[in-house]
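Novice: Below is one structure. I have some questions about it.
The values are calculated or read from the model by the stated rules, or taken from the named source; none is laboratory data. Given the structure is predicted, the values throughout are model-derived calculations rather than measurements. We place every Cβ from the backbone using ideal geometry, glycine too, and count neighbours over all the protein chains shown.
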Amino acid sequence: MKKPGYRFWIAMVLFGLIGQVAWVVENMYLNVFIYKMFHASAADISLMVGASSVAAALTTILIGALSDWVGKRKHFICGGYLVWGITILAFGLVRMDLLTPLYSNTLEAAALGINLVIILDCVMTFFGSAANDAAYNAWLTDEGDETNRGKIEGINAMMPLVSILVVFGGFMGFDLDKADSWTVIYIIVGGVVFAAGVLGCFLIKETGVHSDAGRGTSFHENLLYSFRPGTMKKNPLLYAVIVAFALFGISIQTYMPYLIVYYEQTLHMENYVLIMAPAIILASVVTACYGRVYDKKGFWFSTLPSIGMLVSGYLVLYFSVHTLPVFIGSLLMMSGYLTGMAVFGAMIRDCIPENMAGRFQGIRIIGQVLIPGLIGPFIGAFVLRNAEQIANQDGTFSFLPNRNIWLAATAAAAVLCVALGGIYRMQKKRK
């Protein structure tokens, strides 16, 4: 039985929270950035999310296996956060006032801006995924065991919602229609991520990975290990849970890239931060406690309420346009989202063979990020292909997300329920 010390918990919260702040800016506000600054379409947003997902998956496969082979996590975490922060700072240089002089019309400058953001997003994702998705997540798996993973994952799964609260609160003082505001935001976020890399050098205790999981095999063997048919036959439950996690993520990514635009532009809720903040706080409390449900009752029992809350939130949001029901729907949706992340994350960590956390981070990220990032936004863009258009002051047009994204997300959740039934039967056979 492992009992992580106080340095572990401090480092976990620090890197988990700051890493998720950076991912929130990328996953939720980078979409707003190219929507407001360059009038990106739903297809542009879908392309950016998909390209970033591919970059995240390939990076995690590579660096996860490399960290196992080297037998170290700390260097990848701290060094990755340092460079990750620098790449975030670079977004402050992508501005229309710097691009417009290069072209004779606004549309060409905006198109260049969109392309530059997509490319820079992939570069940033490489370093972010190396540090967070690969090394940090492997380190979390190394430091826990079956007696405390629910607790660890419950706190870890809080971080996305807490980070949303931090970002929402921090962004309230900025006018997101102005380029100068975005420049300041990127300077602040990039600087904080860089500082986390510095602090990690003093906080993280490098315990090392056992040699039989590292240099006992070649790097090539580590890289391909989780993709081998023999590995899949040895760990069928792990791969089944990853498939279910992918379906869960598809449901989330169907609406997530368009969520803030939907609140602000479609529902005309300029004070959406004040509506979302209480929902985020309550959902965070629910998630923090929910990890213990997994520890005591297991995967199946703890999954059903999560999916139930998620789908209930979708349906309430589909039928709602007023503040109170939108708040209730958002609370249910976010509670289901975060508790689901905690349950799936804990189950995957429990199923990963001991001392092999790094080499399985790639297959985990394929289920958690790549497949949802490619399919979910595509479904959302398809649903919104005929969405209402509004004219901008510069003569360009922007789309308005509509409530059909909630129906599409519900359909994906229905497919997930079928997959969970298959996992339940697998677990019964193993008993």
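Novice: Is there any pair with a first residue in region 75-90 that is within 17 Å of Ser52 (Cα to Cα) and a second that is among the small types (Gly, Ala, Ser) and part of a helix (DSSP H, G or I) whose Cβ atoms are under 6 Å apart and which are 6 or more apart or on different chains, and what are they?
Specialist: Sorted first by the residue in region 75-90, then by its partner, the pairs are Gly80/Ala130; Gly80/Ala131; Trp84/Gly128; Trp84/Ala131; Gly85/Gly190; Ile88/Gly190.
Novice: Right, next: For region 186-208, how many residues meet the condition of being buried (at least 20 other Cβ atoms within 10 Å of the Cβ), more than 20 Å from the chain's Cα centre (by Cα) and among the small types (Gly, Ala, Ser)?
Specialist: Going through region 186-208 one residue at a time, the tally reaches 1.
Novice: Continuing with the same structure: Quick one: would you say Ile34 is in contact (Cβ under 8 Å) with a residue 12 or more places away in the chain, farther than 16 Å from Asn137 by Cβ, assigned to a helix (DSSP H, G or I) and touching a helix residue (DSSP H, G or I) at 6+ places or on another chain (Cβ under 8 Å)?
Specialist: Yes, satisfied.
Novice: Please identify the pairs in which a residue from region 266-294 that is more than 10 Å from Ser330 (Cβ to Cβ) and touching a residue at least 60 places away in the same chain (Cβ under 8 Å) has its Cβ atom under 9 Å from the Cβ atom of a residue that is in a helix (DSSP H, G or I) and among the acidic types (Asp, Glu), counting only partners at least 6 apart or on another chain.
Specialist: Matching pairs, first to second residue: Gly291/Glu153; Tyr294/Glu153.
Novice: Please work out if Val261 is among the hydrophobic types (A, V, I, L, M, F, W, C) and at pLDDT below 80.
Specialist: No, not satisfied.
Novice: Scan region 335-389 residue by residue and report those that are over 20 Å from the mean Cα position of the chain (by Cα) and aromatic (Phe, Trp, Tyr).
Specialist: Phe382
Novice: Please note which helices (runs of 4 or more DSSP H) are completely contained in region 38-150 and include at least 3 residues that are surrounded by 21 or more Cβ atoms within 10 Å (Cβ to Cβ) and modelled with pLDDT of 90 or more.
Specialist: In region 38-150, 42-70, 74-90, 106-128 are the helices (runs of 4 or more DSSP H) which contain 3 or more residues that are surrounded by 21 or more Cβ atoms within 10 Å (Cβ to Cβ) and modelled with pLDDT of 90 or more.
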